[in-house]
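The values are calculated or read from the model by the stated rules, or taken from the named source; none is laboratory data. Quantities reported herein were computed from a predicted structural model and do not represent experimental measurements. All Cβ positions, glycine included, derive from the backbone under ideal geometry; neighbour counts span all protein chains shown. Side chains included, ligands, DNA and RNA excluded: accessible areas come from the protein's heavy atoms. Shrake-Rupley method; radii C 1.70, N 1.55, O 1.52, S 1.80 Å.
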Amino acid sequence: MKPWQVHVALAASLPLLLLMGLGLGGVSIDASSVWASLFQPSAASLSVADAAHRAIVFDLRLPRVLLAVLVGASLAMAGTLLQTVTRNDLADPFLFGLSSGAAAGAVAVISLTGERFGIWTLPLASFAGGLVAAAGVLLLAQRSAGQGAERIVLAGLAMSFLFGALTHVLVFAGDQRAAHSVLFWSLGGLGLARWDNLPLAFAGCGALALFVALRHRALDALLAGDEVAHSLGVAPQRLRTQVLIITALATACCVALAGVIGFVGLMVPHLMRRSAGLLHAKLVPACALMGAVLLLGSDLLARLVMAPQELPVGIVTASIGAAFVIGLLWRRSPPAT
């Protein structure tokens, strides 16, 4: 397919998946009822069945599909930025330790304290964990002989394993009644989507989009290497620090609402570079669109494959991601002699 055909196909599939996400699930609702539920001015004149459908569509499923769009777009953009600043095709928030740090912060609150500080307890704890993970990555990289991209990747893997182990310790040391909630954070899901927490997801996604709009030329310069970036007036170390902080913020927003969802940030940049190119002004919006489509489709599959039970969406994305990485390595393997 030509690049413009890819983008048109993605743009067309997004509203289709949105409509399917509103209509399909434990209770199937036809397209006309979905449309009436969205645009009916008042539920007072509806029948009991139509009122129930409206409650399902407007109160439960619409926030869920919007959260899937925002989280998928955020993870895809974060993965694109991390792969640029590390010059490593396998970098993403999940493998880089940011998701693990944010999850550890959320699990610490769930297991030890509970939501004693209101609805912002989990988001703040997630952000603190993600920020600590980002600081640990930077500290480990700076302690080496330089701050090369390879050292940042290794530091990210170390943080990922460290915070993963810390999460398991918190599970066993904390309140065992919170184990089910902790399982949600480790596997990922969109079941906590509500109208009152959607602004948090929008804030993380908007922060990434604003950063790219302001710094896309500096990110483009970094593609040519640190020396070229220096000659163009870009400070690579400062830019890497900025990217780690902004991706930690966005990842924390995603983890606070949807748990740990892996491999979206790893796969999407690979899939979109051929059609969108390498320059970030075009690549990042295309990745955001692809990330939204990917997570919407994964969530739809998670709801249907074991209906009426719901499979955690993180299991679906991990399965797709594992197959993707295996295929990527298989294609890059040298032929046998």
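Looking at the stretch 189-207, which of the residues that are part of a helix (DSSP H, G or I) and of a type in the set (A, V, I, L, M) is nearest to ILE315 (Cα to Cα)?
ALA201
Which one is surrounded by the fewest Cβ atoms within 10 Å (Cβ to Cβ), of the residues in the stretch 73-115 that are more than 25 Å from GLN237 (Cβ to Cβ) and of a type in the set (S, T, N, Q)?
Only one residue fits best here, namely THR113.
State yes or no: is ALA318 buried (at least 23 other Cβ atoms within 10 Å of the Cβ) and over 22 Å from ALA213 (Cβ atoms)?
Judged against the criteria, ALA318 is not a match.
Going through the stretch 285-312 one residue at a time, which ones are small (Gly, Ala, Ser) and touching a Pro at 6+ places or on another chain (Cβ under 7 Å)?
Answer for the stretch 285-312, where residues must be small (Gly, Ala, Ser) and touching a Pro at 6+ places or on another chain (Cβ under 7 Å): just ALA302.
Among (1) assigned to a loop (DSSP other than H, G, I, E, B); (2) in contact (Cβ under 8 Å) with a residue 60 or more places away in the chain, where does ILE246 come up short?
(1)
Please state which of the following conditions MET272 fails to meet, knowing it meets all the rest: (1) under 20 Å from LEU192 (Cβ atoms); (2) surrounded by 17 or more Cβ atoms within 10 Å (Cβ to Cβ).
All conditions are met except number (1).
Starting from the stretch 202-215, take each residue that is more than 15 Å from ALA76 (Cβ to Cβ) and list its partners that are assigned to a helix (DSSP H, G or I), counting only C-beta distances under 7 angstrom and pairs at least six apart or across chains.
From the stretch 202-215, the pairs are PHE202/LEU70; ALA203/CYS253.
Just checking, does the stretch 105-128 include any residue being of a type in the set (A, V, I, L, M), modelled with pLDDT of 85 or more and touching a Ser or Thr at 6+ places or on another chain (Cβ under 8 Å)?
No, the stretch 105-128 contains no residue that is of a type in the set (A, V, I, L, M), modelled with pLDDT of 85 or more and touching a Ser or Thr at 6+ places or on another chain (Cβ under 8 Å).
Name the residue that is modelled with the highest pLDDT, counting only residues in the stretch 129-146 that are of a type outside the set (A, V, I, L, M, F, W, C) and not in a helix (DSSP H, G or I).
This residue is SER144.
Specify the residue that is surrounded by the fewest Cβ atoms within 10 Å (Cβ to Cβ); the eligible residues are those in the stretch 225-254 that are touching a helix residue (DSSP H, G or I) at 6+ places or on another chain (Cβ under 6 Å) and among the charged types (D, E, K, R).
ASP226
Tell me which of these GLY327 doesn't satisfy, since it passes every other one: (1) under 23 Å from ALA203 (Cβ atoms); (2) open to solvent by 10 Å² or more (accessible area, probe 1.4 Å); (3) out of contact with any Gly (no Cβ under 8 Å at 6 or more places or on another chain).
(1)
What is the number of the single condition among (1) closer than 26 Å to LEU279 by Cβ; (2) touching a Lys or Arg at 6+ places or on another chain (Cβ under 6 Å); (3) at pLDDT 85 or above that ALA149 does not meet?
Just one mismatch for ALA149, condition (3).
Residue by residue, here is whether (1) of a type in the set (A, V, I, L, M, F, W, C); (2) touching a residue at least 60 places away in the same chain (Cβ under 8 Å); (3) in a loop (DSSP other than H, G, I, E, B) holds:
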{"residue": "CYS254", "(1), (2), (3)": "yes, yes, no"}
{"residue": "ARG274", "(1), (2), (3)": "no, yes, no"}
{"residue": "ALA292", "(1), (2), (3)": "yes, yes, no"}
{"residue": "LEU295", "(1), (2), (3)": "yes, yes, no"}
{"residue": "LEU300", "(1), (2), (3)": "yes, yes, no"}
{"residue": "GLN309", "(1), (2), (3)": "no, no, yes"}
{"residue": "GLY314", "(1), (2), (3)": "no, yes, no"}
{"residue": "ALA318", "(1), (2), (3)": "yes, no, no"}
